Ligand code: KG4
Ligand code: ZN
């Protein structure tokens, strides 16, 4: 008999729920994206929290309906409780706590960035350590070396803007709107990546940190110095988008593979919203071939925020019975290393759990 986990994700502007069984079979995956933010050119935190409150119940019901299970079939409730927008996290966490309490099942809290990485197990459940993961999202850019489940090291991180944030800011400069990543990727398809060479941040050998705020300033200065109205030239917009994207991809790929090679890490994972970018994925595949390093990604639909990744990240914790007390809090503190408060707690163990 299967055990089912109902998982929630509400850390930013997506209200999502998914059902998975403890063998990594995904039974449903529902994502409600809040389009209301488009008109403000970015996520408005207070609006995001209120939208989560409005939709979380129906998203949960739809996830159960698609999975063809009922609340009584749920064996654990999982939720990402950090990092993210604090108001948004609290909505998902409170809902998950209430549901776990009312059903008498354990609560599992998951780090959102770790969930981005664990999304690869939806296609490769048996993935083994060691591996190097580059997590690139709207709020994070981190290079994390998993020697084992317990030995996790941050090899590098951004010192200023995250990669996704750079995409969003430059898209705004180019008048492409929000969210910037997919729009820059689309515009760049018709552009020349060598049209202008924008800077690559922190290029010194052995420096595995990232920096993207100088790049954003360089794009902004370049546009101003041209004295041109970009909106009058689709080709110019495409060329600048392609040249900007090339700079981001170069920094991400060169640092990731340089670290993997120097530490002889056999596998590289690319995860997070920016990992949905096909040009970036192609570059990682090329680098992997060149250096004999295996490269894996989550499926594109599991790269941007979703609850299937939270469900996948909850499975190892469920198997080890690492549950959270109902007093656990949400936190906006940045970072990938597991910082939720799961711990063995016999009072929360459900009898029917069979590991
Ligand atoms: O992981 P995610 O969905 O949310 C956060 O945890 O932040 O990542 C969202 C970020 C946004 O900055 C968005 O512009 C970027 O991922 N993104 C992309 C693409 N799709 C989403 N960036 C580049 N190319 C894409 N195709
Ligand atoms: Zn995310």
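Going by how many other Cβ atoms sit within 10 Å of their own, how do 261, 183, 333, 281 line up, fewest first?
Details: 261 13, 183 20, 333 9, 281 17.
Lowest to highest Cβ neighbour count: 333, 261, 281, 183.
For region 9-31 versus region 212-270, the inter-centroid distance based on Cα atoms is 31 Å.
The share of Cα pairs per 10 Å bin across the chain, counted from zero up to the longest distance, runs 6, 26, 32, 23, 11, 3, 0 percent.
Oblate is the label for region 1-133, because a/c, from the alpha-carbon gyration tensor with a ≥ b ≥ c as root eigenvalues, is 1.5 or above and a/b does not exceed b/c.
With a Förster radius of 45 Å applied to the C-beta separation of residue 73 and residue 264, the computed FRET efficiency comes to 0.50. As a rough guide to protection, the peptides 229-235, 193-199, 8-14 ranked by mean Cβ packing within 10 Å, highest first, stand as 8-14, 193-199, 229-235.
Taking packing as the residue-averaged number of other Cβ atoms within 10 angstrom, the listed peptides 38-44, 292-298 run from highest to lowest as 292-298, 38-44.
Neighbour counting of Cβ atoms within 10 Å sorts the residues 318, 178, fewest neighbours leading, into 178, 318.
Hey, could you get me the Stokes-Einstein D for region 244-310, Kirkwood radius over alpha-carbon pairs, 20 °C and 1.002 mPa s, rounded to whole µm² s⁻¹?
Working: Rh = 12.3 Å.
My calculation gives 174 µm²/s for D.
The antiparallel fraction among DSSP beta bridges confined to the chain stands at about 60%. Converting the Cα gyration tensor eigenvalues of region 122-167 into ellipsoid dimensions via √(5λ) gives semi-axes, longest first, of 23, 14, 6 Å. Taking other Cβ atoms within 10 Å as a rough exposure proxy, 165, 287, 299, 150 sort from fewest to most as 150, 299, 287, 165.
Laboratory data are not the source of any read-out in this text; all were calculated from the coordinates shown. Source: prediction; values computed, not measured. Glycine gets a Cβ as well: all are built from the backbone with ideal geometry, and neighbour counts include every protein chain shown.
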